[in-house]
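Below: one structure, written as structure tokens.
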Amino acid sequence: MARVLVIDDEPAIRRLLRNTLARAGYDVVEAGSAREALQQRAATHPDAVLLDLGLPDRDGLSLIPLLRDGSDAVVLVVSARDAVEEKVSALDLGADDYVTKPFDSEELLARLRVALRHRAAGAATPREIRRGDLTIDLDRRAVRRGDAEVHLTRKEYDVLAELARHLGKVVTHRRVLAAAWGGDEDARIEYLRIVVRNLRQKLEAPAPVGSVIANELGVGYRLRGDG
């Protein structure tokens, strides 16, 4: 049974999350402030953290590195803040995902399952990543759909490989750009959009656009995992 630490200063939200998680089979511990959250983290060693950003004694963003320090617990931000800058900051600081309030309980549970699967897989990145009939071989730098090889440019492959290493998770524009272009990230954002558009055309036909690579508006991209 995975243990989840819920950090939120609103008792009603904590109660909702506690009931939702308990029905899904999780062990739940709670905290209503940053100070209490750090105490609970040290005492209970959670497998995952659901973190609200609007805490009474500390901004939740500043808490993310502290929660990640010396721990492999996954961190999902669950916040009413919906500004793109907040989402990007949270992900760049080490959050595994970002869910905006009000949230759908089933979507939240699905995001949590994905994050925990990544944690269970360990720190090492699989050298062959599969998503349906799509196979990405990181050693050979080869991509196949079924038995047919998909021919990608160097930039297309670099972008796809970075998304594949974080299958099912949001990868910010900054991280994708750093992996594919290195520095000068701001000047390359239009190039990134073009590369993603080309990838969708090559990877998804005849499936609907967006079925493989999801756009997290203003934040980054996600290579969808199965289910």
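The values are calculated or read from the model by the stated rules, or taken from the named source; none is laboratory data. Note that this is a predicted model, so its numbers are computed, not measured. Counting neighbours? That spans all protein chains shown, and the Cβs are built from the backbone with ideal geometry, glycine included. SASA here: full protein model, heavy atoms, side chains in, ligands and nucleic acids out. Shrake-Rupley method; radii C 1.70, N 1.55, O 1.52, S 1.80 Å.
Just the residues that are over 23 Å from the mean Cα position of the chain (by Cα) and either assigned to a helix (DSSP H, G or I) or surrounded by fewer than 18 Cβ atoms within 10 Å (Cβ to Cβ) (or both), please, taken from the range 24-47. Those that are over 23 Å from the mean Cα position of the chain (by Cα) and either assigned to a helix (DSSP H, G or I) or surrounded by fewer than 18 Cβ atoms within 10 Å (Cβ to Cβ) (or both): SER33, ARG35, GLU36, GLN39, GLN40, ALA42, ALA43, THR44. Residues of the range 59-70 include at least one that is modelled with pLDDT under 90 and surrounded by fewer than 17 Cβ atoms within 10 Å (Cβ to Cβ).
Taken together, LEU17, LEU5 contain a single residue that is in a helix (DSSP H, G or I), within 22 Å of the chain's Cα centre (by Cα) and touching a residue at least 40 places away in the same chain (Cβ under 8 Å), which is LEU17.
Count of the range 71-86 residues, restricted to those that are in contact (Cβ under 8 Å) with a residue 24 or more places away in the chain and open to solvent by less than 50 Å² (accessible area, probe 1.4 Å), is 9.
Each residue in the range 162-177 was checked for being closer than 19 Å to GLU190 by Cα, over 10 Å from the mean Cα position of the chain (by Cα) and open to solvent by less than 50 Å² (accessible area, probe 1.4 Å), and 5 pass.
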